[in-house]
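Data block below; observations after.
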Amino acid sequence: LPQGPDMPLSRLRKAIEECCAHLASSVHIRLKLMAEGELKDMEQFFDDLSDSFSGTEPEVHKTSVVGLFLRHMILAYNKLSFSQVYKLYTALQQYFQNDEKKNGMDESEMELTNTEELEGKMEKEELDVPLREEEISCSGPLSQKQAEYFLSQQASLLKNDETKALTPASLQRELNNLLKFNPDFAEAHYLSYLNSLRVQDVFSSTHSLLHYFDRLILTGAESKSNGDEGYGRSLRYAALNLAALHCRFGHYQQAELALQEAIRIAQESNDHVCLQHCLSWLYILEQKIFDSCVLLEHSVNKSLHFGLPYLASLGIQSLVQQRAFAGKAANKLMDALKDSDLLHWKHSLSELIDISLAQKTAIWRLYGRSTMALQQAQTLLSMNSLEAVNVGVQQNNTESFAVVLCHLAELHAEQGYFAAASEILKHLKERFPPNSQHAQLWMLFDQKIQFERAMNDGRYHTADSLVAGITALNSIEGVYRKAIVLKAQNQMSEAHKLLQKLLVHCQKIKNTEMVISVLLSIAELYWRASCHTIALPVLLQALALSREYSLQYLASETVLNLAFSQVCLICVFTGLLHMAIEPVLAHGAVLDKGCAMFLVAKCQVASAASYTPQKKIEALESAILNLNEAKTYFAKVDCKEQLRDVLYFQARLFHTLGKTQERNKCAMLFRQLHQELPAHGVPLINSFK
């Protein structure tokens, strides 16, 4: 309460009542006696305060938080002239009377309203409790300490729990109010810069950042703490922050110019710490042009040399990320992350521990090990529930937490648990509102999950409408999904053109994961055109890439596609199939598991052609069992098109085995699905997926 801004008496009483109801009543009685009495009653109050420190066992210790506050208040009161004392007394009377008037109006309103309206009003008042901006703006200029407390609290909330901070508009209004009374308040300009970043306002954020460093130099705050060096220090860090700002908004040329300026000033001042930060940002800018680990490795070594564990750890994380995309072995990457974790624990860098776990989750997802990714995600979620930050807020609204929750939602959706995925996304929406800086993460995953559900359900028009949203958030993902929709709608030539353009672009930017996915889609187009021999070299190229970059799951999927091509070319090698099916069943999505089991059944039927009659019957019955398993998987994700193909295949097998009743049942179910999803003249069972 001493640190915070002034609040109305009703809210003050409510705050005290939450701790001690009896004390709240005493406070109200004492205030009433002073406000409705005379000036001498307020003088008596301050005399009584002085007695609180006397005696062998004083009521308040002089050095306690409350003691320091009371002594400060008594000294301030004693310095007041008579006219100032009278002004204080009239202000106290006004403060009390305003509350009495408000209570009187509330009572008269209560008499005129019925019970339901009263409940609604009370609920509205409860909802209005956290909105303290109205109180701040009504209280006029804040003291220096109150303003500093407000700024530090809001800055901490923006970093750790943005939902509990004031909304961007409300916070900007309060900052403008502060700056109106003190235009040279540098910290207010910096918080305004952070607030503008929340809403991606490049003009306001640049304006506020420049004002911050201007005020820092004008007020001499840096010079006092750093001597003559303070002026130059402000300039180089201003240039560095400006470079970071431009880089964030994608203005790489302006960022490079600002960074060069920061490096020049830092070299003149021999500031190694600033130079290390510049080196880290230089790597970020350079990787937009070409991949180079040299700068990053040099940055990590220098950061460790100068005792900058935070910067060194971030460098290791970036190095691991780059090498994961370059196809390095997972065990070496995990060893590097283990070394960075030792740094985190040694220096208690809790934020970087979260980033490391989120990084591990993403790497295991990249390699197709969903079980390991799930384990790392759960570890991070468990850890964050145990750690609180200064202002009593759980530090679980950071980017790493958002990344892990998004992966968790996608993992649940892949296994057919759409209700659970929806709950996770709902939680993400509450924790990261649309105007927050990490909201784009869950927006993309939400759109992707909806797209997959629509495609599985055969609602291609719905899927097509979602493509625009995905493209706005991630252009590559959007174009790829547009091609998938075109392929599903049998617009083969348009899909092929789009995929070829996307392939060239992804090869240029070295997005290997997407290159492999595009190659698999191109191969499927060739199958649909019955050009299986043309599809083989495309698949072999995808297999070579997936193995070179250690993308095990994509490699397994490619092998299954190759096995399907062999089935179509009447050359069945079950060894190839068995080599790839285990990773898919262990770590794959439910849809992929269903496709794999469907392919196993196709291979069994194709192989049975050369068997003796008895063995052929056994092989066909085994194929029917595998088809039942595939049907279960497809039903779990409501994939009607694949269900239709399975039923068609089962009906043919039952017919061959002479099981008329089972055949008719499958035929009836097939007919229902076929009427719902017409095939538009495309041959059935002509693709792996």
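The values are calculated or read from the model by the stated rules, or taken from the named source; none is laboratory data. Because the structure is a prediction, the values reported are computed rather than measured. Using ideal geometry, Cβ is built from the backbone for each residue, glycine included, and neighbour counts are taken over all protein chains shown. These accessible areas exclude ligands, DNA and RNA; they are computed on the full protein's heavy atoms, side chains included. Shrake-Rupley method; radii C 1.70, N 1.55, O 1.52, S 1.80 Å.
Take the Cα of Leu49, step 7 Å toward its Cβ, do the same at Ser269, and the gap between the two points is 4.3 nm.
For the chain, the solvent-accessible area with a 1.4 angstrom probe is 52 square angstrom per residue. For a straight C-alpha distance cut-off of 19 angstrom, the lysines reachable from Lys497 (same-chain residues fewer than eight places away being disregarded) are Lys482, Lys487, Lys508. Legend: residue pairs Lys14/Lys180; Lys640/Lys665; Lys510/Lys593, Cα-Cα distance threshold 27 Å; pairs beyond threshold, Lys14/Lys180; Lys510/Lys593.
Residues whose amide H lies under 5 Å from that of Asn435, counting only those 5 or more places away or on a different chain, are absent; hydrogens are built 1.01 Å from N in the peptide plane. In this rough spin-label picture, where each label sits 7 Å from Cα along the Cβ direction, the Ala419-Asn331 distance is 4.3 nm. About its Cα centre, the chain has a charge dipole of approximately 3660 debye under the convention of +1 per Lys or Arg Cβ and -1 per Asp or Glu Cβ, with nothing else charged. Neighbours of Leu669 by Cβ distance under 13 Å: Lys/Arg scored +1, Asp/Glu scored -1, total +3.
Listed peptides 444-450, 205-211 appear in the order 444-450, 205-211 once ranked by packing, highest mean of other Cβ atoms within 10 Å at the front.
Here r is the Cβ-Cβ distance between Leu381 and Ser465 and R0 is 35 Å; the resulting FRET efficiency, rounded to 0.05, is 0.60. Multiplying the residue separation of Asn435 and Gln491 by 0.36 nm and subtracting their alpha-carbon distance yields 16.4 nm. Taking trypsin sites (Lys or Arg not before Pro) across the range 15-84, the ones in a DSSP loop with at most 16 further Cβ atoms lying within 10 angstrom of their Cβ are Lys62, Lys79. Does the range 410-494 come out rounded, prolate or oblate by the C-alpha gyration tensor, with a ≥ b ≥ c the root eigenvalues, rounded set by a/c under 1.5 and, if not, prolate when a/b is larger than b/c and oblate if not? Oblate.
Among the chymotrypsin sites (Phe, Trp or Tyr not before Pro) in the range 586-656, those placed in a DSSP loop whose Cβ has at most 15 other Cβ atoms within 10 Å are Tyr611. Shape class of the range 470-568 from the Cα gyration tensor (axes a ≥ b ≥ c, square roots of the eigenvalues): oblate, since a/c reaches 1.5 or more and a/b does not exceed b/c. Other residues within the sphere of radius under 9 Å centred on the Cβ of Ala373, judged by their own Cβ, net out at +3 (K and R +1, D and E -1). The slack in the chain from Tyr86 to Glu148, taken as 0.36 nm per residue of separation less the alpha-carbon distance, amounts to 19.4 nm.
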